[in-house]
Structures are given as C-alpha cells and as structure tokens.
1. What is the number of the single condition among (1) under 30 Å from G46 (Cβ atoms); (2) in a strand (DSSP E or B) that F194 does not meet?
2. Just give me the residues in the stretch 136-160 being part of a loop (DSSP other than H, G, I, E, B) and crowded, with 17+ Cβ neighbours inside 10 Å, in sequence order.
3. Could you grab me the full set of residues in the stretch 154-188 that are modelled with pLDDT under 95 and within 14 Å of D230 (Cα to Cα)?
4. Say whether the condition of being out of contact with any strand residue (DSSP E or B) (no Cβ under 8 Å at 6 or more places or on another chain) and either part of a strand (DSSP E or B) or buried (at least 16 other Cβ atoms within 10 Å of the Cβ) (or both) is met by at least one residue in the stretch 202-216.
5. Suppose we filter V176, V221 for residues that are assigned by TED's automatic domain parsing to the domain that holds V256 and part of a loop (DSSP other than H, G, I, E, B); which single one remains?
Amino acid sequence: MDPHHAGTFLVGGAGCIDACRRFLLACSVLPAWGERAHIALSLPGGKEQSWVVNGLNLGAVPEGAAPEVVVTVRNISKQPLVVDMFATGSKLSAAWVSRTTRATTSTRYVNRVLLPAAGNTDLRITFRAVDTSVQDFQSVNLLQAGVVLSRLVVKYQIRPGSVSVSAKTPPLVSGVKKDFNRDYYQLCSGPAPFGYTLIASSIVFKAEAGGGHPRSCAHHVECVPASTSDQNVCYNFKIQGDEDGDVLHVPASLDVKYALKTAPAVLE
C-alpha cells in the first residue's frame, strides 16, 4: 500500500471488502450463459484486477475538493457484455467515457455500455468532499442483466485541507536598554499533526504597553530558526531592551501552518 495511505482510518465500508467479495462471488453466475462474466478494472499505469468487489482507496481528501479518477473497464470474457452502471452515496458521481471504436454508449440508457469481447472503455468517477461531518458508504456498481459483475467500494477520509498550530510563552524578560538578554529563549510547536506536512511558520512578539518600538525577528529580536521540519518547528531568540527604559516583558507566539498530505488513488 502507498505509505501516504498506510495507517489512515478510512470509511466507506473498507472493512467489509473481503466478506463482500465472498458473498458476491457466489452470486455472480450469469444464468443466460452459464458462467460468471468477467471484467477487469485498472487505473492509469496500474495492474488490472478482476475481483467482484474492489476497493478504490482515495486516502485523505481535502474538504471541499472534488478529485476525479478514471478507471478502465475491460471485458475479459469470451462474449460481449452489456454493462449497466450506477453509483451510490451522496458524494459520488460516475459517467462512462466511451471509446467509440471499442464501446458504444446507448442513447436510451446513459449509464450503459456495450463491451465486445476484449473491449474496454473508461469510467470517470468524481468524489465531492463537501462535508467532514458525514462520511458514509460510497460505491460504483457494474451489472449485467441485474447481476453484479463488479462493485467498486470507495475508501476515503475527508479532512481539512490545512490546519494551524500555535504555541505561546508568558512575558519574557528582555535585556537592559540596548542590550539583549544573555541566554536564548526557545519556542517550539512539536510534531506536525498526523497526515499533515509543514508549509509555513512565523514567530511574533508583542511589546508591553509603552515599551517603544514593536519587536520582530528583523527589529530588536535576534532570531535563529533551530528546526523547521514536520518533526518540530523551533525558534531560538534574544530580545533587546528599550533604550529609554529598563527591561521589557515580551510574550512570543509561534504560528505554524500545515497542509494535508494527499496521494494518487489506489485500486485494491
């Protein structure tokens, strides 16, 4: 499995695929021809598989995104197949992308294709990640005369596309007048949230009321980034005092932004 998908809790019936395969395999005999009809599914550049129940693993999907996946459907039986398709689930839509030399989309049934022996066509599946609060069962079903040839169970987890983490200090003592404090202070964020990667970080300083000029890494604060990675974001810094006063008490705030890790869909 792709490492980006490993360990991710997925919904959409991911746990029932093996049981469904056994059940549907027993029910997949075409009474008209006396043998089970076979179709194979594949993703661009991937291997074919011809399970009765297959998983389409989208992994983590950013909220609001609408990823599209094109699945090639190939007839691996010895006779033509009339394949009906329908999608279930509030977030899923699917449509045949007919290859006119190999498959014909019926003008009467827009969800039907005729697949000659060894013929193939593409199926475009669109998943709309509209809401993280409802993550229900989604599937695409391919049938011949009411008998399931293949069921594609969509596995996914809708998550925010980006998250922010903040870390703050209490007021920190500056140096006296134009001097900086002697030892470096350090402020860290900790590791990135699971499934996310670092995209930006900043540290902000707020001078106390009447404390002269604002403090920042470019003015009156000596900043040294100690770590900027998914494992930790840390800044070391010293604070300069105010030339017209004694010492300042300056709180620091570290803001870190992370983006959701995504990966190409995987057929399982």
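1. Result: F194 passes all but (2).
2. The answer is Q138, and nothing else.
3. Selection gives nothing.
4. No, the stretch 202-216 has no match at all.
5. Of V176, V221, the one residue that is assigned by TED's automatic domain parsing to the domain that holds V256 and part of a loop (DSSP other than H, G, I, E, B) is V176.
The values are calculated or read from the model by the stated rules, or taken from the named source; none is laboratory data. The structure presented is a predicted model; accordingly, all values stated were derived computationally and were not measured. Ideal geometry is used to build each Cβ from the backbone, glycine not excepted, and the neighbour counts take in all protein chains shown.
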